[in-house]
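The values are calculated or read from the model by the stated rules, or taken from the named source; none is laboratory data. If you're wondering where the values come from, they're calculated on a predicted model, not measured in any experiment. Methodologically, a virtual Cβ is constructed for each residue, glycine included, from the backbone with ideal geometry; neighbour enumeration extends over all protein chains shown.
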C-alpha cells in the first residue's frame, strides 16, 4: 500500500476511534470505486453502500456532503431547496482540497474541512451499511445510527 494510501486510511481509522467506533477497515482486492463494484466485492446489496458525494454551492462555493445509498441518484433540486442555493457536483481538486481524500475513496468522516451533510433516508433501512475508508479499495461497516452520529447529517430523501 503506498504511503499516501496508508495516510488516508489511517486518517479514517483515527476519526472512527475519535467517535468511539471500533470499525475494521477492509482492504479489498478489487476496486470499490463504484457502488456496484463495492457491493460485488463485499457480497452485499448496492443499496447498503454509502456514497459520499461532494457538491459545491454555486454562489458561495461551500462544500456539501451528500451521503447517499449506492442505488440512488441524488436529486440536486432537493438539496438546492434546503440550502436556498443551487449546487453542482464538485470537481476532483475541490473534493481533495475540502475533504483531504480523492474521489472514489471519500469517507463520510475525517475531512479536512467542516461539510454540511445530508444523509439519504434509504440508508436507514439496513442494519449495516458500508462506506469508503479513504481509498478506492478500502471499506468499513457501520450502522445507520453510527453514520448519523459521526456526520451529524440531516436525514432527507435524496431522490
Residues of the range 9-32 satisfying the condition of being assigned to a helix (DSSP H, G or I) and in contact with a strand residue (DSSP E or B) (Cβ under 8 Å, 6 or more places away or on another chain)
9, 12, 13, 16
Among the strands (runs of 3 or more DSSP E) contained in the range 102-159, which hold 3 or more residues that are closer than 27 Å to residue 30 by Cβ and within 10 Å of the chain's Cα centre (by Cα)?
129-132
All positions within the range 90-101 that are exposed (fewer than 15 other Cβ atoms within 10 Å of the Cβ) and assigned to a helix (DSSP H, G or I)
92, 93, 97
Any residue in the range 139-154 that is free of Cβ contacts under 8 Å to residues at least 12 places away in the same chain, touching a helix residue (DSSP H, G or I) at 6+ places or on another chain (Cβ under 9 Å) and over 21 Å from residue 58 (Cα atoms)?
yes
So which of 90, 71, 97, 38 ends up being at pLDDT 95 or above and touching a strand residue (DSSP E or B) at 6+ places or on another chain (Cβ under 6 Å)?
90
